[in-house]
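The values are calculated or read from the model by the stated rules, or taken from the named source; none is laboratory data. Just so it is clear, the model here is predicted, and its values are computed rather than measured. Neighbour counts are summed over all protein chains in view; Cβ atoms, including those assigned to glycine, are modelled from backbone coordinates with ideal geometry. All accessible areas refer to the heavy atoms of the entire protein, side chains included, with ligands and DNA or RNA removed. Shrake-Rupley method; radii C 1.70, N 1.55, O 1.52, S 1.80 Å.
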Amino acid sequence: MSDSGVRVRRTTDQVPTPAPASDVASCAAGAAESAGTADPAGAAGGGLGAAGGDSAPAVASAARGAALRRAESRAARVTAGVTELERRLADLLRGGLAAAQEEGYGLWEETAARMVDAQAPGLAARVRELGAVPGSGPGWPARLLEECALLHLLDRGWLRHGELPDGLAATVRSRIGLPSSPGGPPVRDRWLVLAQYDTYDTRLTTRRIWLYGTESGRTALVLSYGAAGRAPELSLPVGRTLDAETVAYPGAGQSRVALGERFSTPVPLPVRPPGSGTAEAAARYGEALADDPWQDAYPVTLRRVVPVPAAEGSWQLADADGDLALPVTPAGGSRSGLWRLVALSGGSPVTVFGECGHRGFTPLTAWPEGPGEAVPLC
């Protein structure tokens, strides 16, 4: 599976022009609104209504103006960082991909640090991932070009932010790393906990919890954070179901939600997510890329698949009722959970939930063909 629709559409000697002032203002307004700072009148007015009377509107207006100025300042810094990153990508392509291996990781880390200074942590994370590609094994130049194309696409999305539909614009802000707040009406459902696992960096522990709404049929992602070396507070047992409300975050094709009021503790219920064959799963992932081209963790439940070894020690999940097999990502193949999956299958079809991306499929939870509880694989 690959991001076949993404290409670098400019020559290497083209240097992007800064975004027009109107686009920067649009970015700032969108960032302020998504962060929940565009209209603090409710909080300010509510807190001052009893004591301040007529002064409340003026205070609210001043607060809105200050929030907009902060957002404009951050948008300008992000734009400067994006422009610098585009020059870095142009230099890389002009000099040839082979030079990336000779330069080593230090230059990428320096570029990532500049993105942090530009207040674009999402870009910084992608640059660090880019720096790890050279010399990562056979075919690394093609993988590096793919990642450069995706990064270039994200840069251009920011620089032409004002021309994008609202949903895609919110997605670009999210991928850049600007804060956002959940909005819209809460959705109450009985949520099945599909999977839970942690990722780490030097400053943060991120916990990803996948949920499936047994009544809405929606798959949703809850993120929880903790300081480096410390587990996040929120923890939900895989395979259990809880009655709770969720509120969605903005963005086209985004599955992230905030967990709201909980009406029960997680309880075991004999319920599983409906699955699909490998061909349908690949097609659904391709459709999801139209809304979010940078998506590399699309939730998928595979029905009646068998884990089988592939070339050079890798694995794949073969459709028991079809001809297509999905490759297991290197990360998924290196986990001990892969052997639990193989043991659970024993050569027979199983149901597997996981994340589908352009590197393949990462299995996270599995169920036996017949009756049986969920088996975490991560």
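Taking all protein chains together and a 1.4 Å probe, the residues TYR298, TYR200, TYR225, TYR285 rank TYR200, TYR225, TYR298, TYR285 from largest to smallest accessible area.
Remind me, relative contact order of the stretch 240-378 in percent, using alpha carbon pairs under 8 angstrom and six or more residues apart? Let's see the in-between values first.
Details: 259 pairs, mean separation 26.3, N = 139.
After rounding, I find 19 percent.
As a length-normalised measure over Cα pairs under 8 Å and 6 or more apart, the relative contact order of the stretch 210-318 settles at 19 percent.
Sorting check: for 247-253, 266-272, which peptide has the highest mean count of neighbouring beta carbons within 10 Å, and how do the rest follow? Write down the numbers at each step before the final one.
On the way: 247-253: 18.6, 266-272: 12.9.
Going from most to least packed, we get 247-253, 266-272.
Its Cα centre serving as origin, the chain has a Cβ charge dipole (Lys and Arg +1, Asp and Glu -1) of approximately 420 debye. Antiparallel as a % of all DSSP beta bridges within the chain, to the nearest 5? That works out to approximately 95 percent antiparallel. Summarising the overall dimensions of the stretch 80-169 from its C-alpha atoms, the Rg and Dmax are 13.3, 41 angstrom. Taking the charge dipole of the chain about its Cα centre, with +1 at Lys and Arg Cβ atoms and -1 at Asp and Glu Cβ atoms, the residue from ALA297, ALA282, TYR200 reaching farthest to the positive side is TYR200.
Our analysis of the chain gives Rg over Rh at 1.00, with the two radii drawn from alpha carbon positions and Rh computed by the Kirkwood formula. Between ALA231, THR79, TRP315, the Cα set farthest toward the positive side of the dipole of the chain (charges on each charged residue's Cβ, about the Cα centre) is that of ALA231. The accessible area of LEU326, taken with all protein chains in place and a 1.4 Å probe, comes to roughly 0 Å².
For the stretch 58-118 and the stretch 301-338, what is the centre-to-centre distance using only Cα atoms, to the nearest Å? Spelled out, the Cα-based centre of one part sits 38 Å from the other.
Under 1.5 on a/c is rounded, so check that first for the stretch 295-335, then, if it is not, pick prolate when a/b is larger than b/c and oblate when it is not; a ≥ b ≥ c are the square roots of the alpha carbon gyration tensor eigenvalues. Walk me through the numbers on the way to the answer.
Numbers: a/c = 2.07, a/b = 1.07, b/c = 1.93.
In terms of gyration-tensor shape, oblate.
Please report the antiparallel percentage of the DSSP beta bridges confined to the stretch 275-351, to the nearest 5.
Taking every DSSP beta bridge within the stretch 275-351, about 90 percent pair in antiparallel fashion.
For the peptides 98-106, 312-320, the ranking by packing is 312-320, 98-106, with the highest mean count of neighbouring Cβ atoms within 10 Å listed first.
The charge dipole of the stretch 210-278, taken about the Cα centre with unit charges on the Cβ atoms of Lys, Arg (+1) and Asp, Glu (-1), comes to about 220 debye, rounded to the nearest 20.
Please report, as a whole percent, how much of the solvent-accessible surface of the chain comes from carbon and sulfur atoms (probe radius 1.4 Å).
53
Gaussian network model of the chain, Cα springs within a sub-10 Å range: biggest mean-square fluctuation belongs to which of ARG173, ARG303, ARG128? Checking each option, the largest mean-square fluctuation is seen for ARG128.
Heavy-atom accessible area per residue, the chain, 1.4 Å probe: how many Å²?
On the way: 17770 Å² over 378 residues.
Computed with neighbouring chains in place, this is 47 Å² per residue.
Relative contact order, whole percent, for the chain stands at 12, derived from Cα pairs under 8 Å and 6 or more residues apart. A dipole drawn for the chain from +1 and -1 charges on Cβ atoms has a positive end, and of TRP191, LEU145, VAL350 the residue lying farthest that way is TRP191.
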